[in-house]
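Student: One structure follows; several queries about it will come next.
The values are calculated or read from the model by the stated rules, or taken from the named source; none is laboratory data. Computed from a prediction, not measured in an experiment: that's the story for all the values here. No Cβ is skipped: glycine too gets one built from the backbone with ideal geometry, and neighbour counts run over all protein chains shown.
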Amino acid sequence: MCSLKYTAKEKKTKNILLKNHTLDNSHHIITSADILRTLIRRNSVRLVDVRKEEDYKKEHIKTAISIPLATVLENDSPGRIIQLLQQSGISDKTPVVIYDDTFGALAARVAWTFQYVGHSNTSLLEITFSKWKSYGFEIEKKVNAFPHARHSLKLNTEIYANYDEVERAKNEQNKILVDSRERLNFLSEHIPGATNLPYTMLGTADLILREPHEIKRFMENRGISTDAEIITYCGSVGTLSGLAYYALRMGGVKKIRLYSRSFKEWKKLGKPIEEFKDANFWDLSAE
């Protein structure tokens, strides 16, 4: 998959992608391993490793910096996230690619956070660190650091949802709540009216996210229209729903928000909960 030989036409297309490597539309949600290797060689990308710091220090993809998910969650305010970007040498125009070793969920949450504070030029590596290493691609142990950069704060409120917006969406037409937890958790309890799209369906053994046509099929099976306004949520901090957020964007959804505080906050606030008391075998089927 990642050691492709390109035709002349494909090389031209690849060069265009490299020249315009940005996540300003849904076509640039994912960065392939081949393109990332080229960007690394050209020194034209800031690669972010969101695993635990001790894992990063053992080995990581060449040129990567360490910004663990835990650090992002501890500094989960726009101003402090901007400080993290600046300390990492990331300016407004720096292309950023993020990876993890947890099927893309941690990377997705960090990518969404960066985009929320205004860093639109952010994408996800198509594979995990373990998969990258298994292909024999470039890794190192060097702890990388880059000069401080200036970054502006431009909140993208169109991709953020709070509990008030979730509550309103339950009763509004053409708005769909998507619960990305596993099927059994969803059946046990969920936000009333939510549709279940389990995170376990979103990737493959090789890729963190399936091809767009496969995601569209899952959406169609659940009555999720690309014209609807979607809010995704999961169990606690928005990792699994972050992955669903990007999957649905790949599937063609244009208006989508992440309820990052998710079901944990919803329950804590004493909001209404729905459950299937008489779920049968077929209810457990994710398809």
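Student: Residue check, K133 against (1) out of contact with any Leu (no Cβ under 7 Å at 6 or more places or on another chain); (2) crowded, with 17+ Cβ neighbours inside 10 Å, all met but one. Which one?
Tutor: K133 satisfies every listed condition except (2).
Student: Looking at (1) under 21 Å from G203 (Cβ atoms); (2) among the polar types (S, T, N, Q); (3) touching a helix residue (DSSP H, G or I) at 6+ places or on another chain (Cβ under 7 Å), which is the only condition T102 fails?
Tutor: Here T102 meets the rest and fails (3).
Student: Mind checking whether some residue in the range 194-210 is in contact with a helix residue (DSSP H, G or I) (Cβ under 8 Å, 6 or more places away or on another chain), over 29 Å from Y99 (Cβ atoms) and among the charged types (D, E, K, R)?
Tutor: no
Student: Quick check on this structure: which one of K133, K170 is at pLDDT below 95 and in contact with a strand residue (DSSP E or B) (Cβ under 9 Å, 6 or more places away or on another chain)? Let's see the steps before the verdict.
Tutor: Details: K133 fails: at pLDDT below 95.
Only one candidate passes the filter, namely K170.
Student: What are the residues in the range 211-254 that are without any contact (Cβ under 8 Å) to a residue 40 or more places away in the chain, more than 14 Å from I159 (Cα to Cα) and under 16 Å from the mean Cα position of the chain (by Cα), if any?
Tutor: Correct list: E211, I215, S236, G251.
Student: OK, next. Which residue pairs have Cβ atoms under 9 Å apart, sit 6 or more places apart or on different chains, and have a first residue in the range 66-78 that is without any contact (Cβ under 8 Å) to a residue 12 or more places away in the chain and a second that is in a helix (DSSP H, G or I) and surrounded by fewer than 16 Cβ atoms within 10 Å (Cβ to Cβ)?
Tutor: E74/R80; N75/Q83
Student: Among the candidates S241, S225, S260, S236, single out the residue that is surrounded by fewer than 24 Cβ atoms within 10 Å (Cβ to Cβ), of a type outside the set (A, V, I, L, M), within 15 Å of L69 (Cβ to Cβ) and not assigned by TED's automatic domain parsing to the domain that holds W112.
Tutor: S236
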